[in-house]
Every structure is written in C-alpha cells, then in structure tokens.
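Below is one structure, written out as structure tokens; comments come after it.
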4 protein chains.
Amino acid sequence: MIEVGIYGASGYMGGEALRVLNEHPEVKVVWSTSRSGKPLEYFHRNMYGSNIPLIKPEEASSCDAVFIGLPTGNAMNMAQDLVKIGTKIIDLGADFRLKDREVWERVYGKTHSCWDLVDEAAYGIPELHRESIRKARIIANPGCFSSASILGLAPLLIEDMIDEEKIVIDGLSGTAGAGTELDITMHHPEIGNNLVPYNVVDHRHTYEIEQELGLLARKSVTVNFTPAYVPITRGILAICHCFPKEEVSRSELLERYKLFYRDEYFVKVFDMPKEADATWQYLPYPWVAAVSGTNFCHIGLDFDEKRNHLVVFSVLDSLGKGGSHAGIQNLNLLFNLEENTGLKRYGLHPY
Amino acid sequence: MIEVGIYGASGYMGGEALRVLNEHPEVKVVWSTSRSGKPLEYFHRNMYGSNIPLIKPEEASSCDAVFIGLPTGNAMNMAQDLVKIGTKIIDLGADFRLKDREVWERVYGKTHSCWDLVDEAAYGIPELHRESIRKARIIANPGCFSSASILGLAPLLIEDMIDEEKIVIDGLSGTAGAGTELDITMHHPEIGNNLVPYNVVDHRHTYEIEQELGLLARKSVTVNFTPAYVPITRGILAICHCFPKEEVSRSELLERYKLFYRDEYFVKVFDMPKEADATWQYLPYPWVAAVSGTNFCHIGLDFDEKRNHLVVFSVLDSLGKGGSHAGIQNLNLLFNLEENTGLKRYGLHPY
Amino acid sequence: MIEVGIYGASGYMGGEALRVLNEHPEVKVVWSTSRSGKPLEYFHRNMYGSNIPLIKPEEASSCDAVFIGLPTGNAMNMAQDLVKIGTKIIDLGADFRLKDREVWERVYGKTHSCWDLVDEAAYGIPELHRESIRKARIIANPGCFSSASILGLAPLLIEDMIDEEKIVIDGLSGTAGAGTELDITMHHPEIGNNLVPYNVVDHRHTYEIEQELGLLARKSVTVNFTPAYVPITRGILAICHCFPKEEVSRSELLERYKLFYRDEYFVKVFDMPKEADATWQYLPYPWVAAVSGTNFCHIGLDFDEKRNHLVVFSVLDSLGKGGSHAGIQNLNLLFNLEENTGLKRYGLHPY
Amino acid sequence: MIEVGIYGASGYMGGEALRVLNEHPEVKVVWSTSRSGKPLEYFHRNMYGSNIPLIKPEEASSCDAVFIGLPTGNAMNMAQDLVKIGTKIIDLGADFRLKDREVWERVYGKTHSCWDLVDEAAYGIPELHRESIRKARIIANPGCFSSASILGLAPLLIEDMIDEEKIVIDGLSGTAGAGTELDITMHHPEIGNNLVPYNVVDHRHTYEIEQELGLLARKSVTVNFTPAYVPITRGILAICHCFPKEEVSRSELLERYKLFYRDEYFVKVFDMPKEADATWQYLPYPWVAAVSGTNFCHIGLDFDEKRNHLVVFSVLDSLGKGGSHAGIQNLNLLFNLEENTGLKRYGLHPY
C-alpha cells in the first residue's frame, strides 16, 4: 500500500482527497491534518462516523506521498524537506504552477522560497504531461479553470488552428470553488438567485492557461478569461471562444478532438447529434452536472460557419478533474498504478 | 385611463404585463385572454384572489393598446385589423423585430403575412429609439438577450471603438426565459445543479443584435452569441467581449457610458471602486439579482490593458427590461406619459 | 406626508422597509441609518442609483414614525425618548413582543430596560389586533414564523376546535431569515442543496405563538415548533398540524377560514379543487413563491378524516407579511390610511 | 460473479442501480432495459462513454437477480415467471410492499395479479428484516419516505415509548423523488424558489410506515404524514414528531438510538453537542446533503422537556438508502456478501 498524508484536510480540496483516497484500493491514508483541533465531521459531515482522526501538521510522519491542500505559499516552504526524504508532493495549490518567477511573484504577491524546485515540478494534466508526471518529485496540480480551459483548447492550439491572440473564455464556477471561507458573495441570500462576475481582469488562472497553451502552440498565446460564480455548488463550465484560421466544420472538429483524446479514460468528447427530439430534448453539448463529483471532463463544441466562430464547452468538477481527483490520477502515475484506480465511478444522476 | 388588452395572459410574458399594468395609475386592463378556459390563478398563483377574468381571444373588444404575449407568428396575423381601428400594438414576440424579410422568414421558418407593417414598426428600446417609438403604431418589443446585449454595447459601436467583426457574447439566462412549456432541460432534477448551453449557433436573437448594433455602427457587425441556461429563475447576464481599436481605460470607458446614459432612468452604469473590502466585499460588477422583477438594466465593465480586451456586463430581467416591463415603458411613450410611470419600484433584496 | 425614519437600513429588514416606503404615496422617508459609513448600494444593490443617503443613528432627527430594524435589545433603549416626543415606533425586532417579563428576559438573555412600555405595545398582526394597533404608540412587529403560524391557526383556536396541547408546527424558512451576518449554515456550498434544522427546541418565536394563540383560545396553548432552513432566499412555509376535537371536513374548514378572513385584503384562503389536471397540475395548497416580496399570506389546509388529523399550510415572506411589509400595514393603521396603501402589488411569477 | 439484470434503466431509480452495480466487485450487470430504443446517455449523461447497451425488456435473458425499476403494477406481472426460474427479484416499486390486499388495491387503484407472492416478499430494510431478506425470493424495496420514517422511529416504537396515535411526520423531498416525468411542479421556473406540499392526505407511503411501525409496536399505529417538494435535487428529510409516554432526555434518547443501531454500517446516530461555536457553527442535527448519493441514513433528535415533545430527524437519499442503494444492500444479503460491498463510499462534500 502507498502511504499518503494529507495536509489541510479541513478544506474542500483536502477533504475531497481524503474521501476518495479512503476507498482507493492501493492507498492507505496514514494521516490528515488540521490546525483547528476539531474532529473531521465538524468540517465534513459526509464523513460522519468514519472516525478518521485529524492531527496537527507538526505531528505528521514521513510517508510515500503527500497532498497539500493549503493556501498558496505554504507548499513552497515544505517542499525542500519533503523532497529530501523522498516524499512525492502533490500540491493542490499554486506554488509550482507557473514557470516564470517574475510572473509568479507578481501574481501571488509573494517571494518564492524554493524556485529551484519549480523547474522540475510537473504540471499535473496527465493527458498532456503524462511522462513528466511519472518521473516528477513534485506535481503542480492545475487550477480548476486552467484544467477545463486547457483540455478544451489543446487540440486546437497544438495544430495551430485558431487565432492565438483572440481567445476568449468565460469560466462559470460553482461556489465550492470559493472554498470554505465565509464571504458575502457566498452568503446564500446574496448568491442563491444571482450571477456574480469576479476577478475579471488578470485572474491568476489566466497565466497558467497562457503558459500551457503557449507550450502546445509553441508560441505566445493571449487568453481573455472572465470568471463568474453561479448558484450551483460544484462544477465548472468553461465556454471557450476562438476564431479558426481556416474553414472547418463541427463534424470535422469533433473527429479531431476524438482522435486527440482517443486513449483517454477521463476526457470524453461529447459527440451527440444536433437534432432535437420531441419528448426528451437531445442537447448536443456537455452538462456540468454529469461530471460533478468525478474525475471526468466532457468536451463539446459547435462551429458557426457563417461567422467563422468556434465555441468549445469544457465541463469538470473543480474538486474532481479540476482538483483533488486529478491529484489522485497523478498519484496513480507516480506509483505506476492503473491511471484510473479509485477514480472510475461515474457521477450521480440526477446530481 | 388608457384601455389595454392583453393577449396570452397565461404565459410568463403576458402574466407579467398584466401584473404590472394592474397597478399602473394611468392604465385600465380591460381584458386578458387565454384559450384554456382556466382561471387566472391556475397559471399565476401570485394573482390569487385578484378575481381578474380571462376571456377567450375571440371575445376581445377594441381598446387603446394591446400587448401580444403569444408565440411568434400570431401577432402578424392580428396586426392589420388592429392597426386599422387605431389600436396600438406592443408585440412581445418576434414578428416585427427584423427588418430583412429573407432573414426573418428563414430564422423563424414562416412566411410573413404582413411585411408592409414591419417597416413602420419601432424597435422597442426607448434608450435608442425613443422618437420612433412615440410615433409608432406597432412596437416590436426586443428579445431579452437582445436588450441586454444592445444596451451593453451601444456606446462602443456608436463611437466605432471596437472591432465590429470580433464581438463575442455569452448570454446566461434564468429558466423563466424558457417559458411555461415543459421540457426536460427545465425539469428541476436536471437543471437544479446544472449549466445548459443551447441553440449555440445562430440563436435567433443574434440577428436582432447584429441589426441594431449595425444601425448604430453604420456598418455590418458580426456577433458571436452563445446562450446557456443557469439555475436561477429570472434574469439575464450578458457577458460581452470586445477588442478596442484604441487604447482606453476602465475609468474612461465608465465615463463614456455614464455620459451616454446620463438621462436614462432605467439604465444604470455600475461604477463602483475595484478595491475589495475586508468585511463585505465591494464587487464592482453588476449582479443580476439586483434587477430581477424590474425594468432596470445595470451595466458594468472592465478592461485588461495588457491584453487589450474589454468585457461589458449587462444585467436585466427577461420579463422586465428584457420583456413586459420594457413593453410598458414603450406604452408610456406611446401615450405621452412619464416614461417610468408604474415602473419605478426597485427590485427585491435579497432576491 | 408622514415623515418616517428607518434605523438599521443596512440590514435586510430595514432595507426592505426603505424600498417599499420609498414608493409609498403618503410617506416621506426622511432618513435611514447605518453605523458603517458605507453608501446604501454597498448593502442593497437593488437600490443602485437611488442616491438615498445613509446617516449615523446619532444624526437622526425627529419624525412622525420610526422603523427599528436593529438587533433585539436596541429598541427598548430608544423607546422612552421616542414616545416622549410623540414618535410612533414600529419595532421590527423582538423587544416588545412578549407580555411576560420573566419569559422575555430568559428567552432573550437580557434585562428589559423599559418594561412599562411593553404593556401598551400592540402586537402587530392587524387581522387580529386592528383596534389596538390604531391607538398604539409602539407596535411590536411579529416574528416571521409567528405571523405565519398565528394567522394559520387563529380560526381554529378562537373556536376551540383543536387539541390545544398537541399543536405541531414545522417552519421552513428561506435564508433571508438568517439576516446579513455571515455563517457557515448560510455559506452557499453548504446550504445550496441542503435542509438545515436549527434552534429545534424552544425557538424564541414559540413564545409569541403560544402567547397569541393562547389569547385567542382564552387558555394555555402548547406549540411544538421546529424550524429548518431550506435553499430558497425568501419566504416561509409553516406546516401546522393539529388534532380536531370534533369531526370536520376540508370544505367546512375552508368555509370557516374564508368567513374568518372575509374582509382581509392580505390574507387569502386558498380554496382550489383537489382534482389533478392532466396538463398543468392544479395543486390545492399554497406555494410560498406566490407571496414572496409581498404583504400577502396564503393559507390552505387539508383534513384526513380517517386519521382525524388536520394540516394547515401558511405561506408568507419573512420580510413581507412576516416583517417589513406588515410594519407598513401597521403604519397605515397608525395614520388612518387605507390599510393596503403602498402594499397592493402582487408578487412576481415566476419568482 | 452474480449476474444481474435491470428493468427500467432509463428512469432515475434504474439508472442509479446501474451506476452503482457497474462498480460492484461481485456483480456483473448482464443487461439493462428501456422501451425507448434510445442509448443510455440519452437518459443519463453521467454515463456518457460507458457504452453500456440498453435492450428491449423482451430481449432480457435469465440471470441471478433482477432489479425492477418500473412503475408500480409491472413487477407483479413479471414475478411469477422470474420466481419459477430461480431469479431473485428486487422490486424498486410498490408491488410487494403492503401486506393487506384490500389496502394495496385501494391505494394503488389496481387488482393485484399475484397476491400469493406478496406474503413471502421481504420488506427491504435490512436493519429490521435482515434474516427474512436473506431467505427471500422477492424483496419489496421500501418507499423513500418510508425508509426515512421507519428508521427514524423504530427505536421508539419497539420500546413503546411514544403515543402511537399521535405521530406526525413532515417529509421534505428533493425533486429526484418525482421521477423523470415532466410536470409543472417540477418545472424549474415554478419550483426553483418554491416549497410545494402535495398528496397531503393519505400519501401511499403512509401505509408502509403504519404497517412497519405497527409490526414493531405490536399494535396499530397512526401516522400523519405530509410530503412537500423542496428545491434540492436529491435527498429526503423526515421530521418526525412524537409525544413520549414517559419523561426522557436528549442524551438518554441518543444512547438508546446508538444502542439500537450499534452494529449498523449505514445508519448513523448523529450525536453532536448542542453548543454553538463562534467560527463554524456546530449544528447538532443531520444534514441531508451529507448523505446524498449514498446508502447512509443519519438520524438526529431533540427533546423539549418543557413541552414533552420529541422530534427525530432522519435524512437519506431517495435513490440511495431510500431506493436503489438499499436494493443493492439487499442484493448483498441475498447472495451472502458483505452487506456494504460496493456501497461504502461516503457522500460528496460540498454536495
């Protein structure tokens, strides 16, 4: 059994890692931490009766791998020591995501304390970085909007099919994305029937998306990313707009996407016919509720031939394929397990 | 008192017109129709106890003005007779919105039965067509997404500030926009935690938006419009992306918008500082919940100077400023009343 | 014009009073207070552009009447001075609701500072206390659950029809009832798909309900009241269970209720047939969404003859007939206006 | 491997059985049926990419066990043949739940076609009927409200602790409980902010609850059950009110409940202290969101000593412990597997 520890198990990210790892057939969660001194069910009532203890971070013992579900800025201070004793790090925060130090320090408003380790960290999207993940000591698990956007646009940029200067992405997020901290925009009377754009210019995930899509495109890419909270709890819909360089068709694009992701278990290209059906409308685009609670990402698209405009829809769960579940997929790679071990279950319907 | 009749009072649009006109100080609703033979409260429980009768459409008597809340294709067959006897028509459907016959007939899949009246119909956005509305016999009340998008982008196009070929709009709609007809995408177990893109290419409202923005720009405008349902009941958020032709700043843009709408009672430019506040976050973009149930439209914006990308947020209620309330604003203009008569009340908070 | 001041306009109760009074034809709101120093739209974005100033409470001038939307314990310290200068008080809090000092001090954990004024305060349900309200100097506006429950059960207790020892009420509340203060149970990720029982034993409103129903019954009444939060923003459904002393029928009960409330504008007895309808189900019980944002209370009921069990459903909005709107109804009575002035508008549909 | 077939896989019940059995380590789903001729993902987008075929019911082959997720009245016509060939039946409908033929035929408005098999059917609550389930050929899987109510009240009735004539239960249900059929009360614009009481008198589940609690009490029990839909998708909260025969205390009751369910994996007695906590309120009653998507039932309670009134809260998922998951728990018993095989995973948080 792989022995895993979880830092920050009282948060949504850490709690979800704990929940799924708790049933992982090859993993034993040896400890989970919280500074609070409170029991687990205080934070996660879904785990009521599990009797899993929470320990203080300073009581953590060494283990094969750790998930770090702490606010950005913590992992970098722990990494050196962990790496030294051979512990694999899966950082659910942003400490190792950006490869440009100046950008990272500006965006996160901090001095990075172990930049030498950033270079070797693997960006945790297995569908694009599988080999580097297998060999890494540190996994930079991506931001939720980043995962959705990058998976949605990768096939286009890798083939230089779209205007890389005019990419527009609207990211609609459930409220779980805001974390456990109380805030007026998450106060139910305010958000219950509302749509709330936030961090509209220069959202931190923009830099990840530009970095990763730029690597695929082998040139600089500009992404105009706009997030908004919507009153669902879990899940993200990235609506990605782009302008193709040459004429294409919906069916051709779908074929390319299916080819690109043909060997992937978790990324499904949503190819359903556009004809409506009288009794149960057969909508041809992905629904975020279908992947909530899972490691799946569904991608659909459509193309307006008259206006030469392409829209790609990418849905995932910010705690699933956009967070902790993806971290477990990365863990499986790190330890040479089947990539989908412990992650196969389909989502709930209805959700 | 102005005598008004309402065709189609069992639907959401007609019902909302009835509700607001019922308290309008200068209007008497002389009849409301439904083919069903059912009482009003069967459709609108909010009106329980009002004892307002519903009559069959064929029992309708002549009056000063009618609201037509029927499916598109009905108003055109009624217009000739109504115009002849001097009744003003406020069509809440799409029969008179598009000025290009070929486009209309293709988009709506019907032969238009009175195209000669289309030309004289006024497009019902008072902020842009006030004078023609005052003199019209027929008001083509705009589509909900159209109102939000046109109001949001008008100040930019009228001054030729943006690339008119690369406009991208995501329209997020509450479920009231789908009307009363049952459909699996409106079935609560399906939509309750979901985000549902639909009619992604060539949505009918695109043509209204392109037509009206083209008139303002005095040239052809291309709009890439993508709608999605979100699990709120009322309200629309249009996220409008554009690429400015010259450098601008957020504050300059806000000044231009405020100048453009300076005399408008119902269109408010949302100019709040971007600095967060520790206890009650002061988010600088409009919230759809703030205008639900009203004739107000709130417009906010932000500009990414590094990426030369401008995003405009426009919120309104599809039955309010995007529907029946706007129809009443038009009625007020038609009969030389104060434009905001019967429409002044602010929305609910919380909504 | 009646000059009115509002203490605590930054909260939901005070803000709603301000919003409705702002359009009241016989009232001028002369000031509204907030300790924060922040502008009104910071708290209530629905009022954006109204330019209504907020002043500090110590800057308040004298006026004809004040609404007090402050936490319980404040009004009692202000009442003596206000009464002295002839200002009518409408207390939206609980300072004057209970007539038993020992009970009040235990339930609210405070020493009451002006108990002599409690006796003369009128309990603000006009349908039951119209005459004493007209003559009062202080109105104790009822708690939201209390209004719903008392209106729902009054016709039964006044005629001694039910076992007064075995009354069971479940009170389902929208989240607006929790106020503006941030709390984990109002954090959207927690409550968005949840049902949250709280304050299960000895909820403060129980004492109001027992007091008022006891007055009607002319004997002691025991109420077992259980509240729970549900993920709607506004509105309350009180499900009131009781055991009739004699055989009755649904139709007979409905007749009695209709007789009891026959002259009331705001309390509607929901008498719809129980037969289902194939296309649009004709449900015979009240819906909370139908009264949200209004001063209406809808009451419905059913009776299980086999089990001799009666259930009464009472719906209202905690900020409407269960709060600020009821306060305005009381204001109208205090100043000899038509009782429904400024309150007539029906609720939104859909809500 | 146990070979299982699923009748009615296009519905919510059948689809959930399929989803969970698909990952059950000891089960192979050999077929799933739908009359529609449509693919699985047409009904359940969560299963997109699973490539599980749907067959017509007449194509079903023999297997070890079948789940029947068809409308009530179907299973009885299939049972004889299935029993004859040794196939175990898990009926997710109501055909075998009631032991009194006259009651069943009145309540369901049908003549029962194989009443001789009803007697031998086991009522599928393992916590109460484990031994008869192990030996049964037919499992009558309980109604969702029934499971919640019976589990919530069993410890009281078995010890004759409460007045068995005055039991009041309010059952709040998510919309998944209404099934896939379109209906105005499930239309999002209607239910999105609403609370909808329905089938208020004589709900069918009442008879199951009375039957099962009567067996435990060894006397006739009267249950006054009132259901209402609330705008969550999954989950049920049963609020059960009763009047104890003798004085008890909350802590004593909790001890009795914990003793009663001490060996149960899926029924958890929620024993959390009542003291609030300043930063993260420690609410002592179960939350429905904590068990959504699982086979868990959480039970909490409180006692009002002053009013001698006891309230028990029981939460479960109508498709989980109140439906398909419980069916799988029963399957495990039928085939001598560990009772929690394939069912151990905790629910999502946030849900």
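The values are calculated or read from the model by the stated rules, or taken from the named source; none is laboratory data. These numbers were taken from a predicted model, which means no experiment stands behind them. With ideal geometry, Cβ positions are generated from the backbone for all residues, glycine too; neighbour counts draw on all protein chains shown. Heads up: the accessible areas ignore ligands, DNA and RNA and are worked out on the full protein's heavy atoms, side chains in. Shrake-Rupley method; radii C 1.70, N 1.55, O 1.52, S 1.80 Å.
Run the accessible area of the range C:54-104 with a 1.4 Å probe and give the carbon-and-sulfur part as a rounded percent.
49 percent
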A student applying the Cα gyration tensor rule (rounded when a/c is under 1.5; otherwise prolate if a/b is larger than b/c, oblate if not) would label the range D:145-316 oblate
For the protein assembly as shown, just say rounded, prolate or oblate: build the C-alpha gyration tensor, square-root its eigenvalues into a ≥ b ≥ c, call rounded for a/c under 1.5, and beyond that prolate if a/b exceeds b/c, oblate if not.
rounded
With +1 on each Lys and Arg Cβ and -1 on each Asp and Glu Cβ, how big is the dipole of the range B:1-127 about its Cα centre, in debye rounded to the nearest 20?
440 debye
So what's the gap between the Cα centers of the range A:223-249 and the range D:88-105, to the nearest angstrom?
50 Å
Under 5 Å between amide H atoms, partner at least 5 residues away or on a different chain: which partners does C:Ile2 have, H built in plane at 1.01 Å?
C:Val27, C:Lys28
How big is the accessible area of A:Ser113 in square angstrom, nearest 10, if you roll a 1.4 angstrom probe over the protein chains?
60 Å²
With all protein chains present and a 1.4 Å probe, how do B:Arg45, B:Arg35 order by accessible area, largest first?
B:Arg35, B:Arg45
Kindly report the accessible area of chain C per residue (heavy atoms of protein chains, probe 1.4 Å, no ligands, DNA or RNA), in Å².
31 Å²
Under the Karplus relation 6.51 cos²θ - 1.76 cosθ + 1.60, θ = phi - 60°, what is the ordered set of whole-Hz ³J(HN,Hα) values for the range B:114-121, x standing for Gly and Pro?
8, 4, 4, 7, 5, 4, 7, 5
Note down the relative contact order for chain D as a percent, whole number, built from C-alpha pairs under 8 angstrom at least six residues apart.
17 percent
Report the label-to-label distance for D:Val83 and B:Lys245 in nanometres (one decimal), using points 7 Å from each Cα along the Cα→Cβ vector.
8.3 nm
Counting alpha carbon pairs within less than 8 Å and at least 6 residues apart, what relative contact order, in whole percent, applies to the range B:174-319?
26 percent
With every protein chain in place, what's the accessible area of D:Asp263 (1.4 Å probe, Å², nearest 10)?
130 Å²
Starting from a label point 7 Å past Cα on the Cβ side, list the distances from D:Pro244 to the same position in the other copies, nm, shortest first.
3.2, 7.0, 7.2
Centroid-to-centroid separation of the range A:10-57 and the range C:170-206 [C-alpha atoms, Å]
26 Å
Counting only protein heavy atoms and using a 1.4 Å probe, what share of the accessible area of the range C:109-261 belongs to carbon plus sulfur, as a whole percent?
44 percent
Rank these residues by their accessible area, most exposed first, probe 1.4 Å: B:Lys28, B:Lys135.
B:Lys135, B:Lys28
Which lysines, if any, have their Cα less than 20 Å from the Cα of A:Lys84, not counting same-chain residues under 8 positions apart?
A:Lys135
Please sort by residue number the GluC sites (Glu not before Pro) in the range C:115-212 whose DSSP state is loop and whose Cβ has at most 16 other Cβ atoms within 10 Å.
C:Glu159, C:Glu165, C:Glu181
Nearest 100 Å², what total accessible surface is buried between chain C and chain D (probe 1.4 Å)?
5100 Å²
Among the residues of chain D, which one places its Cβ closest to the rotation axis that maps chain D onto chain B, and what is that distance in whole Å?
D:Leu182, 2
Show me, for the range A:191-208, the HN-Hα J-couplings you get by feeding each phi into the Karplus relation (A = 6.51, B = -1.76, C = 1.60, θ = phi - 60°), rounded to Hz, glycine and proline as x.
9, x, 10, 10, 10, 10, x, 8, 6, 5, 9, 6, 4, 4, 5, 3, 5, 5
Report the trypsin sites (Lys or Arg not before Pro) located in the range C:305-351 that are in a DSSP loop and have at most 12 other Cβ atoms inside 10 Å of their Cβ, or state none.
C:Lys306
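Counting other Cβ atoms within 10 Å, which GluC sites (Glu not before Pro) in the range C:239-277 have at most 10 and lie in a DSSP loop?
Passing both the DSSP loop test and the Cβ count: C:Glu246, C:Glu247, C:Glu275.
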If the only charges are +1 at each Lys and Arg Cβ and -1 at each Asp and Glu Cβ, what is the size of the charge dipole of the range A:145-316 around the Cα centre, to the nearest 20 debye?
180 debye
For B:Ile191, what accessible surface area do you get with a 1.4 Å probe? Give it in Å², rounded to 10.
0 Å²
Ordered shortest first, which distances in nm separate the 7 Å Cα→C-beta label point of D:Gly109 from those of the other copies?
3.5, 5.3, 6.3
Under 5 Å between amide hydrogens, which residues at least 5 positions from D:Ala94 or on another chain qualify, with H placed 1.01 Å from N in the peptide plane?
D:Thr72, D:Gly73
Under the Karplus curve 6.51 cos²θ - 1.76 cosθ + 1.60, θ = phi - 60°, whole-Hz ³J(HN,Hα) for the range A:17-30, x wherever Gly or Pro sits:
4, 4, 4, 7, 5, 4, 10, 6, x, 10, 10, 10, 7, 8
With axes computed from alpha carbons, what is the tilt in degrees of helix B:144-158 against the longest principal axis of chain B, rounded to the nearest 10 within 0 to 90?
50 degrees
Past 22 Å, Cα to Cα, is the threshold; run C:Lys166/D:Lys245; C:Lys321/D:Lys274; A:Lys258/D:Lys56 against it and keep the listed order.
C:Lys321/D:Lys274; A:Lys258/D:Lys56
Distances in nm from A:Glu255 to the matching label points in the other copies, shortest first (labels 7 Å along Cα to Cβ)
5.5, 7.5, 7.6
With -39,500 (n - 2.57) per DSSP H segment of 4 or more residues and division by the full residue count of chain A, the 222 nm estimate, nearest 500 deg cm²/dmol, is -8500 deg cm²/dmol
Quick one: which of A:Lys110/A:Lys219; B:Lys88/B:Lys219; B:Lys344/C:Lys88; D:Lys28/D:Lys88 span more than 21 angstrom between C-alpha atoms?
A:Lys110/A:Lys219; B:Lys88/B:Lys219; B:Lys344/C:Lys88
